[in-house]
Amino acid sequence: MVPLSAVAKRETPTSGPVSINRYGQFPAVTVSFNLPKGVALGDAITEIERLRAQINMPDTITGEPQGAALVFQDSLKSQPLLILAAVLAVYIILGVLYESFSTPLTILSTLPSAGIGAVLFLWLFQLDFSIMALIGVILLIGIVKKNGILMVDFALDAQRNGGMTADQAIYKAAITRFRPIMMTTIAAMLAAIPLMIGHGTGAELRQPLGVAVVGGLLVSQVLTLFSTPVVYLALDRLFHGRKKPVPATQPAE
């Protein structure tokens, strides 16, 4: 038998941690912080990383975000993939419905203007591109494309059944569908404005969503009325060339 005193020395500590937390089998210490008013989580994480690099921490000491900071960083990594998946899903559905490769491209050409509007309004309101703002952009993918659908669907019908050229068809579609496009856009904007200007508990979460939706709708409404006909004609000439109009079929007597 080997006595304990031969290999260890017993002392009564005067002070020390009550417990030792571990993370990945290594001793860990949790450092928490509260966000000052008006400071976004992304800016706080950037400042923390800057301070870590400034104090030259030893290589044996590492740090990882947890909680809301970890969710925020994970969302930044997955944002491009989520947007790409949403756009791809919309393209496949439209391609199946219209039985065409080019028609969905014309409709999806309305999306960049919505993204520009969302980012622009977030910048004007000094808001970060947060998870809620990402949800707003994904919502815009489903809302904004209705402008292209209203115009393109009318133009295709005018070409196939009305004997019009692509130029005539998209011109008439832009004029005829202007009122429905404006009505649906204004209705969607009015629904999102309370989120944008709301106050109270949870307003900091709702506001980026409302700002992204309103900004995307407003900018896309202005730009798509001009960009969609241009893209429609460009793709029509690229895939079909300059075809003569097909005479409208007359009912047999």
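Please treat every number below as a calculation from the coordinates, not as lab data. It should be emphasised that the depicted structure is a prediction, and the values quoted were computed from it without experimental measurement. All Cβ positions, even for glycine, are placed from backbone atoms using ideal geometry, and neighbour counts span all protein chains on display.
The order of the peptides 149-157, 192-200 by mean Cβ neighbours within 10 Å, most packed first, is 149-157, 192-200.
Each label was represented as a point 7 Å from its Cα along the Cα-to-Cβ direction; for THR30 and VAL222 these points are 4.8 nm apart. Positive contributions from Lys and Arg (+1) and negative ones from Asp and Glu (-1), summed over other residues with Cβ under 15 Å from the Cβ of ILE61, come out at -1.
Note on LEU81 and GLU47: with the Förster distance fixed at 30 Å, the Cβ-Cβ geometry gives a FRET efficiency of about 0.65.
Ranked by the mean number of other Cβ atoms within 10 Å per residue, highest first, peptides 91-102, 229-240 order as 229-240, 91-102. Per-residue packing, averaged as other Cβ atoms within 10 Å, sorts the ranges 214-220, 106-112, 1-7, 24-30 into the order 214-220, 106-112, 24-30, 1-7, beginning with the highest. Taking all Cα pairs closer than 8 Å and separated by 6 or more residues, the relative contact order of the range 68-240 comes to 33 percent. Between GLN54 and LEU88, the modelled labels are 4.2 nm apart [label points 7 Å from Cα along Cα→Cβ]. Full extension of the segment from LEU190 to LEU205, taken as 0.36 nm per residue of separation minus the current Cα-Cα distance, would add 3.5 nm.
Quick check: from the Cα gyration tensor, does the range 68-240 come out rounded (a/c under 1.5), prolate or oblate? In terms of gyration-tensor shape, prolate.
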